[in-house]
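Report on one structure; see the data block that follows.
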Amino acid sequence: MSVKEKQKKVAVIGGGTAGYMAAAHITKHFPCFDLYHIYDSRIPTIGVGEGTQANFPDWLEQITGLDFDELQQRCYVTRKFAIQFENWGTKNKQFLHNFHPIKKEYGYHISAKSLVNLLEEHVSATRIDKKIIDIKSDGISVHLTFEDLTKLDVDLAFDASGFPKALPNSDSTEISLIPTNAALIHRGSAVDFNSATRSIARPYGWIFIIPLTTQTSYGYVYNNSINSISEIEADLNQFLQEENVKPLGEAKHLTFPNFMRQTFFDGSLFKLGNAASFLEPLEATALGVTLAQICYGSHYLKELSEFTDRSENFAPSKVKASNEFLTTMLWKVALFVGWHYACGSCFDTEFWHFAKSNFNQEMKNLKNETLLRTFKRCLEAGSDLNTQLFFPKLDSFRETFAGFTPASFCEIGYGIGYYS
Ligand SMILES: Cc1cc2nc3c(=O)[nH]c(=O)nc-3n(C[C@H](O)[C@H](O)[C@H](O)COP(=O)(O)OP(=O)(O)OC[C@H]3O[C@@H](n4cnc5c(N)ncnc54)[C@H](O)[C@@H]3O)c2cc1C
């Protein structure tokens, strides 16, 4: 038997940011596998996702070996130290949600397209440019069928093929805590203020401003069952005029589901990125969650690389525990993001009435008592923090809520006026 035949086969499905992140990560950390990177280049990627969390810079530098200046040259990166909220809640005109130095005190703003181009240079895999028409997984191996009816069987596959084609479905849970489901995105030229993402409440939703060195993204996030696209276009245009921004090129309109899979991993198929879950981009959590998913999936890759047969860590009870962990992580992120709407905004409009009442109602509908207790504890820790000396105390906090520290709760809670 040749070496190649003995190697275990791993596939990554998807050529978007999540797929390339997974493929580059496996190339770097698990060169022992026979890696297949599969996507159909006729199916476009979502092409957005430019704000990242503090877990991203170190990971990217490790994968590419490039320092900040080199990344800036290649991907127009700026350092993101915070999100600046404007007009959120009814108390403060403006407040910051900073990154707190648990890992790094900043994330990146990064060009989604250039990031994929860069990661491509760090993927070593058999590239298959075909449409997959069927994925069957029995928890031990994954059987892929392509459009031309050829097949490929692999030991483990990461499915990063983007939003599920039909939602709701029996393997997904809708996250109705989040009141938005669509976005209109424009680009403009570079701006001077690029050390934070701006998140500006508007009558029909909110606008993100993500500044790269060469250009800036403006995204109006809203609910299309409350407001029409023409209302959003008019308000975004007015905002751009107020900011003296001349839009570059055509606007892009996207709708998105807020959902998570009921099964992220079944023992051989691991769902990743938008194929696994999605939440509106208010805290720019998607790539951070994807990275956390990849790191979590790496435990299984390690097991697979070290044992000839499947180790006991692939036992159904362990796989079930993994799903519970990944589900809880997503619910924590959803609760934290949904909470931003708890006090509405300075706008007395249908969207903000809905956003506020929806949060309160959905909190009542939540049945997971443990999760709610943990959330409440973090709310209390955040509230207490304001009475203490802020930064010197940070190191002493052990409990985070999917990475959000009591300091995050403090800044958002006092910022929106949730804490009196
Ligand atoms: C408005 C908006 C703003 C966002 N902002 C942020 C942000 O600031 N920060 C952040 O972290 N995230 C953000 N996101 C999320 C982010 O864009 C995504 O999480 C990220 O791009 C990952 O996408 P993906 O790779 O999972 O899917 P996609 O980009 O959709 O890629 C899917 C891939 O799968 C392939 N594919 C699909 N079906 C098949 C098939 N049958 N056979 C073969 N190949 C197939 C496609 O060709 C494609 O390559 C935002 C999302 C939205 C909607």
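The values are calculated or read from the model by the stated rules, or taken from the named source; none is laboratory data. Only a predicted model underlies this, so the values are computations on that prediction, with no experimental measurement involved. Backbone-built Cβ (ideal geometry, glycine too); neighbour counts: all protein chains shown.
The table below gives the values:
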item	result
The stretch 57-92, subset charged (D, E, K, R) and assigned to a loop (DSSP other than H, G, I, E, B), residue modelled with the lowest pLDDT	LYS91
Condition met for GLY413 (at pLDDT below 95 and surrounded by 13 or more Cβ atoms within 10 Å (Cβ to Cβ))	no
Out of LYS91, LYS80, LYS104, sole residue that is within 16 Å of the ligand (Cβ to nearest atom), in contact with a Gly (Cβ under 6 Å, 6 or more places away or on another chain), farther than 30 Å from ARG42 by Cβ and in contact (Cβ under 8 Å) with a residue 24 or more places away in the chain	LYS80
Residue match in the stretch 22-39 (condition: within 7 Å of the ligand (Cβ to nearest atom), over 21 Å from ALA292 (Cβ atoms) and at pLDDT 95 or above)	yes
GLY162 being away from the ligand (no atom under 12 Å from the Cβ), assigned to a loop (DSSP other than H, G, I, E, B) and in the same structural domain as ALA18 (by TED's automatic domain parsing)	no
SER199 vs. criteria of a type outside the set (Asp, Glu) and either within 14 Å of the ligand (Cβ to nearest atom) or in a loop (DSSP other than H, G, I, E, B) (or both)	yes
Tabulated pairs, the stretch 116-136, first touching a residue at least 60 places away in the same chain (Cβ under 8 Å), second more than 14 Å from the ligand (Cβ to nearest atom) and of a type in the set (S, T, N, Q), C-beta under 7 angstrom, 6+ apart or interchain	HIS122/THR27; HIS122/THR64; VAL123/THR27; SER124/THR27; ALA125/THR27
Some residue of the stretch 295-305 being under 20 Å from PHE336 (Cβ atoms) and either at pLDDT below 95 or surrounded by fewer than 17 Cβ atoms within 10 Å (Cβ to Cβ) (or both)	yes
Answer residue from the stretch 292-326, given it is touching a helix residue (DSSP H, G or I) at 6+ places or on another chain (Cβ under 6 Å) and under 20 Å from LYS28 (Cβ atoms) and is farthest from the ligand (Cβ to nearest atom) among those	GLU303
The listed residue being at pLDDT 95 or above, within 24 Å of THR255 (Cα to Cα) and not assigned by TED's automatic domain parsing to the domain that holds TYR36, out of ALA183, ALA190	ALA183
Those residues of the stretch 125-158 which are surrounded by 13 or more Cβ atoms within 10 Å (Cβ to Cβ), assigned to a loop (DSSP other than H, G, I, E, B) and either among the hydroxyl-bearing types (Ser, Thr, Tyr) or not assigned by TED's automatic domain parsing to the domain that holds ILE26 (or both), in sequence order	SER141
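Okay, residues lined up against (1) within 14 Å of the ligand (Cβ to nearest atom); (2) within 23 Å of ILE412 (Cβ to Cβ):
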position: LEU144; (1), (2): yes, no
position: PHE208; (1), (2): yes, yes
position: GLN215; (1), (2): no, no
position: TYR222; (1), (2): yes, yes
position: GLU233; (1), (2): no, no
